[in-house]
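In what follows, a single structure is set out as structure tokens and then discussed.
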Number of protein chains: 2
Amino acid sequence: MSVSSTPLKTNYHHGDLPQQAHQLALEILREHGDAAISLRALAKQIGVSAPALYRHFIDRDSLLAELAVTGFEALRARLLAVDQSDPRRALIDIGLVYVSFARDEPNLYRLMFGGRVLPKGIHPRLDIAGKGAFQVLEDTIAQAQAAGYVKPISLSLMTAAAWSLVHGLSQLSIDGHLPSTKAEPHLTQGVVTLLLDGSIAENKQHKKDTTS
Amino acid sequence: MSVSSTPLKTNYHHGDLPQQAHQLALEILREHGDAAISLRALAKQIGVSAPALYRHFIDRDSLLAELAVTGFEALRARLLAVDQSDPRRALIDIGLVYVSFARDEPNLYRLMFGGRVLPKGIHPRLDIAGKGAFQVLEDTIAQAQAAGYVKPISLSLMTAAAWSLVHGLSQLSIDGHLPSTKAEPHLTQGVVTLLLDGSIAENKQHKKDTTS
DNA sequence: GTAACAATGTTACTGGTGATAACTTATGTC
DNA sequence: GACATAAGTTATCACCAGTAACATTGTTAC
């Protein structure tokens, strides 16, 4: 159609669209949350037409799922870096690392666990990545149990308790439901310690011993 | 303008729009989640024009906030009904009731705590209602502490731990992240008990006693 | 080298959304 | 009954996700 003689740097094939879209979307997610991610705006900012994105992501949710996957991988990496030599130390540290991840990446964390936006059983890669992060937690507990440090109760029960605690704490923390946001690590440590040592007063605890 | 002689049942003033919209939105929320609530669809179903709704709700989020408020009030009511005579029983029961509420109303619960959709500090009534539900939890713990059943540690710390636990458990449960959905009450009870009694093996616990 | 094909872009369009502006009608008060 | 106000209306804007049909480029087979 055009008769222009200039070679005009044909950007018809962008070459790196999926990667660049992923990166940009991740930045928008981090700064403004998942609701702010619009494929049209994304395409415009990259300099490509909106439907082009559909060549690489079957729909918006698939893009979000990809972001969540990288989130779970990052979380898993950070959990894996925790020193496992001492059981008690490892349990506390893994809790601290978990919560601090959520606090560092609140919008990403919300997407990862925003059950409504990305339900389970729809994006297989997401489910696998989630399981991968969860597994680190479970392994740590299993190890502590094997070392005889943790009660020999059902592993799944113990893991559910630990995960619930750190997940709930993360969620409440990033949504501003907890006071004293500055003393956060201290709070996290105290909360995790409570799950380990229990909340019941000493004398009440020993009453049980006398009965047996 | 019209010359029709029939009185034509003037529905110009609906009379009960806000109440009816609230009710219908709540039903849609329950069945299909907050994302499925559209003011246009809502208006059409009620038989009114879409902008009419804006006379009663300043925007969509305000309507959602109203729904969340009723959610918090319902949660508070259910928590208040827990028998408080025995401290341990009360603590466990309040956990059971909390989680069962979330499981009964997953979409409502998600809206109530969907920090992204309804951030804190924007809808005062919502913040108050949330605090009201939280207060029941805190009061129960304070009572157990006053009775000498719970360790005399910081109340806010203990409350944060308890709330994190039941909230995390609720969230993970309704999003399908926990196995064995059928044995849920049993799981909840086990998890709450862990926070009370601790997770550490007996012999490890007693080692502390000998040192002192 | 060229023809066929697959990959990856494009424009044009549909149907749906929240929200606002300007107008109309019913209701309650003096 | 006049009239202010509350509560509806239609018309319109700007945005969005997603689809269809077409265009361009890179690759592979002959």
When the Debye formula is applied to the Cα atoms of region A:13-57, each taken as the same point scatterer, what base-10 log of I(q)/I(0) results at q = 0.13 Å⁻¹? -0.24
Translational diffusion coefficient of the protein assembly as shown at 10 °C, 1.306 mPa s, Stokes-Einstein with Kirkwood Rh over Cα pairs, in µm²/s as a whole number. 66
Carbon and sulfur atoms account, in whole percent of the 1.4 Å probe accessible area of the protein assembly as shown, for 57
Averaged over residues of A:168-176, the number of beta carbons from other chains lying within 10 Å of each residue's Cβ is 6
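Averaging over all projection directions, find the projected area of the Cα convex hull of region B:17-102 and quote it in nm² with one decimal place. Working shown, then result.
Numbers: hull surface 24.5 nm².
Average of the hull's projected areas for region B:17-102 equals 6.1 nm².
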Chain A: C-alpha pair distances exceeding 29 Å, %: 41
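Thinking of region B:88-188 as a set of Cα atoms, what percent of all their pairs are more than 22 Å apart?
Details: 1793 of 5050 pairs.
Of all Cα-Cα pairs in region B:88-188, 36 percent lie more than 22 Å apart.
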Can you spot the aspartates and glutamates whose alpha carbon is less than 13 Å from B:Lys44's alpha carbon? Ignore those fewer than 8 places along the same chain. none
Each residue of region B:49-58 in order: what ³J(HN,Hα) in whole Hz does its phi give by Karplus 6.51 cos²θ - 1.76 cosθ + 1.60, θ = phi - 60°, with x for Gly and Pro? 7, 4, x, 4, 5, 6, 6, 10, 10, 5
Determine, from the Cβ-Cβ distance of B:Ser85 and B:Ser180 and an R0 of 30 Å, the FRET efficiency 1/(1 + (r/R0)^6), rounded to the nearest 0.05. 0.45
Can you give me the long-range amide H partners of A:Ile200? Hydrogens built in the peptide plane at 1.01 Å from N, cutoff under 5 Å, separation of 5 or more residues or another chain. B:Lys151
Residues of region A:30-138: accessible area per residue with a 1.4 Å probe, Å²: 48
Can you list, shortest first and in nm, the gaps between the label point of A:Glu202 and those of its counterparts in the other copies, using a point 7 Å from Cα in the C-beta direction? 2.0
Inter-copy separations for A:Arg40, label at 7 Å along Cα-Cβ, nm, ascending: 1.2
From the cross-link list B:Lys131/B:Lys151; B:Lys120/B:Lys151; A:Lys131/A:Lys151, the entries with a Cα-Cα span beyond 28 Å are B:Lys120/B:Lys151
With Cα atoms, 0 to 90° folded angle of helix A:155-174 axis to chain A main axis: 60
Placing the label point 7 Å from Cα along the Cα-to-Cβ direction, what are the distances from B:Gln84 to the equivalent spots in the other copies, shortest first, in nm to one decimal? 4.6
Which angle from 0 to 90°, rounded to the nearest 10, does the C-alpha axis of helix A:124-146 make with the longest principal axis of chain A? 20
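The values are calculated or read from the model by the stated rules, or taken from the named source; none is laboratory data. As the structure is a computational prediction, the values presented were derived from the model and not from experiment. Glycine gets a Cβ as well: all are built from the backbone with ideal geometry, and neighbour counts include every protein chain shown. Calculation scope for accessible area: heavy atoms of the full protein, side chains included, ligands and nucleic acids excluded. Shrake-Rupley method; radii C 1.70, N 1.55, O 1.52, S 1.80 Å.
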